[in-house]
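Input: a single structure, listed below in structure tokens.
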Amino acid sequence: MNGFSRLGRWVNDHLVLLLGLLVLVYMYIPNVIVALMSFNDSSHARNLYRFQSFTWDNWLHPCKPAGMCEAVGKSIEIGLLATVISTVIGTLAAFALVRHRFHGRGSMNLVLFLPMASPEIVMGSSLLALFVASGFGGRLGTGTILIAHVMFCLSFVVVTVRSRLAGLDENLEQAAMDLYATESQTFWKVTFPLVFPGILGAALLAFSLSFDDFIITNLNAGQTVTFPMFVWGSAQRAVPMQVNVVGTLMFLIAITVVLTGEILSRRRSRAFAA
């Protein structure tokens with residue numbers, strides 16, 4: 001009886017931790033399956049997503065499916081451009097919304113939230129109608145995809161950076177200026193390092209949203225093929241296992257970036273504490 005009571009107390013004390021671990025396991029199961037299938041030899045299988053045998057061939061020849069690496073390169077190109085543009089504009093907009101009071105500020109907040117709340121099919125079709133009405137109907141491609149991606153990434157960047165700015169202690173900036181730092185020195189030595197984790201998080205979110213988008217891209221791509229469109233087209237026949245290689249690589253890169261940022265942040269915190 002005492003053993004059951006001790007077990008009950010232990011479970012009660014660690015219930016939140018156990019639930020959090022279960023949620024994480026549930027969330028990462030698809031990533032584990034994708035990584036597993038990247039080593040699957042499905043060359044003689046009817047059911048592609050039944051593990052047949054282990055092979056390195058998918059990793060050694062990731063560009064074997066015709067057009068896949070070109071589609072991945074196009075998605076990375078558009079994703080990087082959309083990330084840089086939306087991060088710069090979104091960060092400036094976040095500073096303006098948090099640090100300044102101006103006419104129409106409340107309406108601006110509402111307008112920025114609309115792309116996040118609107119269904120992708122509505123936004124994609126609206127952008128397509130805009131491009132056609134503007135005379136770009138016959139020139140849909142990388143440019144129109146980039147404009148569309150910046151449009152919906154911008155809202156996420158503003159919200160992410162603004163939340164970081166809202167929690168920033170302004171006394172730190174005032175203390176720096178009391179110590180005779182100029183406004184420029186205060187920004188680059190105090191404000192920017194404190195806001196940078198939010199900016200980096202917003203940039204990573206913008207890139208993942210751009211790289212992953214299908215609905216808006218499909219409506220405004222013309223003859224351009226991105227990676228999600230390639231996967232959708234391949235699914236009509238048979239999805240090549242190299243798709244899982246790309247998915248695994250993107251996941252590993254994301255984990256590496258996040259862990260590196262966390263390690264650097266902790267080292268910086270320890271240096272300040274010392």
message: Condition (residue is touching a Gly at 6+ places or on another chain (Cβ under 9 Å), over 24 Å from LEU252 (Cα atoms) and surrounded by 10 or more Cβ atoms within 10 Å (Cβ to Cβ)) applied to the stretch 101-108: is it met by at least one residue?
response: no
- prompt: Which of the residues spanning the stretch 234-253 are of a type outside the set (Lys, Arg) and surrounded by fewer than 14 Cβ atoms within 10 Å (Cβ to Cβ)?
  reply: ALA235, GLN236, ALA238, LEU252, ILE253
field: Every pair of residues 6+ apart whose Cβ atoms lie under 6 Å, when the first sits in the stretch 224-248 and is under 21 Å from GLU77 (Cα atoms) and in contact (Cβ under 8 Å) with a residue 24 or more places away in the chain while the second is small (Gly, Ala, Ser) and part of a loop (DSSP other than H, G, I, E, B)
entry: THR224/GLY141; ASN244/SER38; VAL245/SER38; THR248/SER38
- request: Please report, ordered by residue number, the helices (runs of 4 or more DSSP H) entirely within the stretch 117-207 with at least 1 residues that are aromatic (Phe, Trp, Tyr) and within 30 Å of ASN218 (Cβ to Cβ).
  value: 120-133, 142-166
- line: All-but-one check, VAL239 against (1) at pLDDT 85 or above; (2) not in a helix (DSSP H, G or I), failing number (1)
task: Test each condition in (1) in contact with a Gly (Cβ under 9 Å, 6 or more places away or on another chain); (2) on the phi < 0 side of the Ramachandran plot; (3) open to solvent by less than 60 Å² (accessible area, probe 1.4 Å) for GLY222 and report the one that comes out false.
output: (2)
- line: SER163 vs (1) out of contact with any Gly (no Cβ under 8 Å at 6 or more places or on another chain); (2) free of Cβ contacts under 8 Å to residues at least 40 places away in the same chain; (3) not hydrophobic (A, V, I, L, M, F, W, C): all pass except (1)
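Out of all the residues in the stretch 85-116, which are without any contact (Cβ under 8 Å) to a residue 24 or more places away in the chain and assigned to a helix (DSSP H, G or I)?
The answer is VAL88, LEU92, ALA96, ARG105, GLY106, SER107, MET108, ASN109, LEU110, VAL111.
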query: Just one of LEU15, LEU80, LEU22 is modelled with pLDDT of 90 or more and loosely packed, with under 11 Cβ neighbours inside 10 Å; which is it?
result: LEU22
- prompt: Would a scan of the stretch 256-270 turn up a residue that is modelled with pLDDT of 85 or more, open to solvent by 60 Å² or more (accessible area, probe 1.4 Å) and of a type in the set (Asp, Glu)?
  reply: no
- prompt: In the set GLY135, GLY167, GLY141, which member is more than 15 Å from VAL84 (Cβ to Cβ) and open to solvent by less than 30 Å² (accessible area, probe 1.4 Å)?
  reply: GLY141
field: Breaking point among (1) open to solvent by less than 80 Å² (accessible area, probe 1.4 Å); (2) more than 27 Å from the chain's Cα centre (by Cα), for LEU172
entry: (1)
query: Taking into account only those residues within the stretch 207-216 that are touching a Gly at 6+ places or on another chain (Cβ under 8 Å) and open to solvent by less than 20 Å² (accessible area, probe 1.4 Å), which is farthest from LYS64 (Cα to Cα)?
result: ILE216
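The values are calculated or read from the model by the stated rules, or taken from the named source; none is laboratory data. All figures in this text were calculated on a predicted structure; none of them were measured in a lab. Glycine gets a Cβ as well: all are built from the backbone with ideal geometry, and neighbour counts include every protein chain shown. In case anyone asks, the SASA skips ligands and DNA or RNA and just uses the protein heavy atoms, side chains included. Shrake-Rupley method; radii C 1.70, N 1.55, O 1.52, S 1.80 Å.
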